[in-house]
1. Would a scan of region A:398-410 turn up a residue that is in a strand (DSSP E or B) and surrounded by 23 or more Cβ atoms within 10 Å (Cβ to Cβ)?
2. List every residue pair whose Cβ atoms sit under 6 Å apart, with the two residues 6 or more apart in sequence or on different chains, where the first one lies in region A:337-363 and is farther than 17 Å from A:T390 by Cβ and the second, anywhere, is within 16 Å of ligand 2 (Cβ to nearest atom) and open to solvent by less than 10 Å² (accessible area, probe 1.4 Å).
3. Taking the stated definitions as given, is A:G440 at positive phi, assigned by TED's automatic domain parsing to the domain that holds A:F409, surrounded by fewer than 22 Cβ atoms within 10 Å (Cβ to Cβ) and of a type in the set (G, A, S)?
4. Could you give me the residue pairs with C-beta distances under 6 Å whose first residue belongs to region A:192-215 and is within 14 Å of another protein chain (Cβ to nearest Cβ) and more than 8 Å from ligand 1 (Cβ to nearest atom), whose second residue is among the aliphatic types (A, V, I, L, M) and in a helix (DSSP H, G or I) wherever it lies, and which are 6+ apart or on separate chains?
5. For region A:585-635, enumerate the residues that are on the phi > 0 side of the Ramachandran plot and touching a strand residue (DSSP E or B) at 6+ places or on another chain (Cβ under 9 Å).
6. Regarding A:L138, is this residue touching a residue at least 60 places away in the same chain (Cβ under 8 Å), under 14 Å from A:S229 (Cα atoms), touching a helix residue (DSSP H, G or I) at 6+ places or on another chain (Cβ under 8 Å) and outside the structural domain of A:T391 (by TED's automatic domain parsing)?
7. Could you look through region B:23-39, keep only residues that are assigned to a helix (DSSP H, G or I) and open to solvent by less than 50 Å² (accessible area, probe 1.4 Å), and pick out the one that is nearest to the other protein chains (Cβ to nearest Cβ)?
8. Could you list, in sequence order, the residues of region A:253-280 that are outside any strand (DSSP E or B) and farther than 24 Å from A:E149 by Cβ?
Amino acid sequence: MTIEELFRQAKMNRDMLYEGRITHVLVGTATCGRAAGAMAVLEAFRRETAGSGIDVRVTEVGCMGLCSQEPLVIIIKPDNLTVCYHHVTPQIVHQLVEGYILGDDPCLDLALGTVSGGDGSPVIIPELESFERQQRLLLRNSGFNSPLEIDHYIACGGYAGLANALKSQTTQVIEEIERSGLRGRGGAGYPTGAKLRACSEAAGDSKYVICNADEGDPGAFMDRVLIESDPHALLEGMAIAGFAAGARQGYIYVREEYPLAIERLQRALAQAAEKGVLGSGILGSQFDFHIEIVKGAGAFVSGEETAMIAAIEGRRSWPDQRPPYPAQSGLWDKPTLVNNVKTLALLPQIIRNGGEWFAGMGTKQCSGTALFALAGKLVNTGLAEVPMGTTLRTLVYDIGGGIRNGRQFKGVQIGGPSGGCLPESLLDTPIDFESLKQAGAVMGSGGLIVMDEDNCMVDTARFFTDFSRRESCGKCTPCRIGTCQMLRMLEDFTRGQGTLQDLDTLQSIAEDIRATSLCGLGRMSPNPVLTTLRYYRAEYEAHILEKRCPARVCKDLTAYYILPEKCERGCDHCVLACPAEAIFSDGQGLKVVDQVKCTKCGSCEAVCPPEYNAVVRLSPVSLVPAGRRTRPETP
Amino acid sequence: MDTARKAEIFNEGRRQRRHLIDILQDIQSCEGYLSREAMQEVAAFLSLPPSAVWGVATFYNQFRFTPPGRNPVRVCMGTACHLAGGQLVLEAMARELKLEIGATSEDREFSLERVACIGCCALAPVVTIGESVYPKMTPPRVEEILVQMKPAEGRGKSGDGPT
Ligand SMILES: Cc1cc2nc3c(=O)[nH]c(=O)nc-3n(C[C@H](O)[C@H](O)[C@H](O)COP(=O)(O)O)c2cc1C
Ligand code: FES
């Protein structure tokens, strides 16, 4: 079938769906939605509408990127508003069915807003400020189109980019991608067109395309959401890349921890083969392209391209010295194109709308959009797609809604364990590969975690260094031993040990690791240490000189203390919750924490009723009044 | 492992080095872990020295070499969960289950693991037990949940169920 025929057929199927007299309920059932209870909501809609006598179709969709609002539901009712509801529970389902599906009340008090877009243009909720600053290319279908139905994708112009490409010469396709200025979204920002050209011009007739869906940064989940929400964009992008590079086989290396993404990919692959947009003789052309899924077995270093190739070959995921680059000699020593999910998923739109179109977005050096996973202490966590060059401040405040609970902003970590922590004063840094690098962070693959005054920067550096140490593959010495050394020093600081001179030693070890490691894991592992030393030195000094953790996180420097003026005497919550039996009553019935017995597990703070809020943390521990430190000896 | 599944895992089409990890994953998903015997069988099937199979299996975080508990407890130690107090939750789990991280209880009821981001950062800190996800955990919630899971020994506390 030609693409035109496919499109007509898909459009007809889809229109029958959406333009008929049917009410549609879309339930976001990506991983984040499921964790918040979406499957129970889905089930409730099916149950409540089953006997209602009207035609209602309940469909599973992906994620709109509003993770803190999950479970999300969209109701499309003929001749009525399309409305998006948040924090939906089975009880609310009952209300919605009675109110809006059977009745005429759109229950706006339960709604997040109305929905516009779809059919190719990005789906947005105009009432939400967080959508105003966004430009959604990758997310354009997310949370609206069904990831389970290829017709939804085709009806919105899907696979037309591949059809265009197949009618052109490979060089024309490469030129178009070069014109777009697209740079790799996997972290390093290498120009995609140049990589494609190198692979296409490399000698050899077996070539491969690998999609890097390893997403190892512990706090980033954009690639997972994209695959769960719009898997065909990736498949189409891979086929285009395969055509341009001269490859007939592609592999998607995806984390085994993403079972839903794998399931949706498998389904999408089967549907694409059935429609003839993947497989042999795609869309009636001479071009064959097959895609296989390879499940990663969990190692951060596997995200590095040469290590990934080793993993696909069935070996330990050890990185290799480059050059030769994979584009010359990669999988089984054949020319191999390795690209990130987002890079590949952008290709269909670039081919369909032209390189100029893409180059017109973002900045001159970095065209297009950047997709971030916002997490941490923000009001709105989830996904955000913004034009390159948008400032961090816009992401944190306009889209992220600022810091939760009125706390103070402290820093933002970009790029996970390979990235850096940037302070308030750098919030006006525009998001692009060069500006972030200059500030000491990296674009990484797009994890962005916001910290507030309750987070300790020394502890954060320790956390990331511990991650890199665990994940170091051990092949090169600077990374294997250096990360251990850095960790040991950071652990000392969190205990109030060490000297100011140690800070300089730490700095020089970090710089050596950066200069001498074999692969990016080692080379970038000192970034959290180097940036926190650069921007938060005072916090290190407070730990070392004053034995004080300003955020009251580091256990050895912090004491739990019950404020006598707030303690309610009669309430025994803390006493019952304490697993160490460290809390006792003084002569007046006020509770006291025995500092010798206390294991600092945090239970008392968590159970103290909010109306009393009597448990506080003090740092340094010498702040605990002398008379209230231990149980007095009973005579 | 039944013979049909075994024949599927060790099918002729997979007698290549590149299927090593794949095969190990399939065995683990059937049996819950990789036994010595299973790895030897894989080595023979692929004509590899057992040390090569062991070398690959121990490299990756996914593989385990002891049977997991019937209720595998996984505490997320990704960045968002760490910043929201995941460490205290992990310690509480270890204390209440009387288990070290990576260990399985003697009655095989529980095992305890730390994992990196499971993709629900908005609900941090997160714990999963089997297929259930427990969002916004605190040390006292750990106790509540475990009490609910062992009703026989319950101490009559109530709490929210999984979502
Ligand atoms: C330790 C390490 C981890 C990496 N993890 C990822 C990852 O999870 N996803 C990714 O796309 N690229 C990752 N990369 C970058 C890849 O090596 C490679 O540059 C990228 O996949 C190229 O794709 P792109 O040109 O589309 O950016 C990682 C690199 C290193 C050094
Ligand atoms: S960090 Fe725990 S779910 Fe992401």
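The values are calculated or read from the model by the stated rules, or taken from the named source; none is laboratory data. Model, not experiment: these values are computed from the prediction. Please note: Cβ atoms are built from the backbone with ideal geometry, for glycine as well, and neighbour counts cover all protein chains shown. The accessibility values were calculated without ligands, DNA or RNA, using every heavy atom of the protein model including side chains. Shrake-Rupley method; radii C 1.70, N 1.55, O 1.52, S 1.80 Å.
1. Yes.
2. A:V341/A:D223
3. So A:G440 fits the description; yes.
4. Short answer, once both residue conditions are applied: A:Y208/A:L331.
5. Selection gives A:K600, A:G602.
6. yes
7. Taking region B:23-39 as the starting set, the residues that turn out to be assigned to a helix (DSSP H, G or I) are B:23-31, B:36-39.
Of the ones still in play, those that are also open to solvent by less than 50 Å² (accessible area, probe 1.4 Å) are B:23-28, B:38-39.
On the way: B:I23: 9, B:L24: 8, B:Q25: 6, B:D26: 10, B:I27: 12, B:Q28: 9, B:A38: 15, B:M39: 14 Å.
Among residues in region B:23-39 that are assigned to a helix (DSSP H, G or I) and open to solvent by less than 50 Å² (accessible area, probe 1.4 Å), the one nearest to the other protein chains (Cβ to nearest Cβ) is B:Q25.
8. Selection gives A:E256, A:E257.
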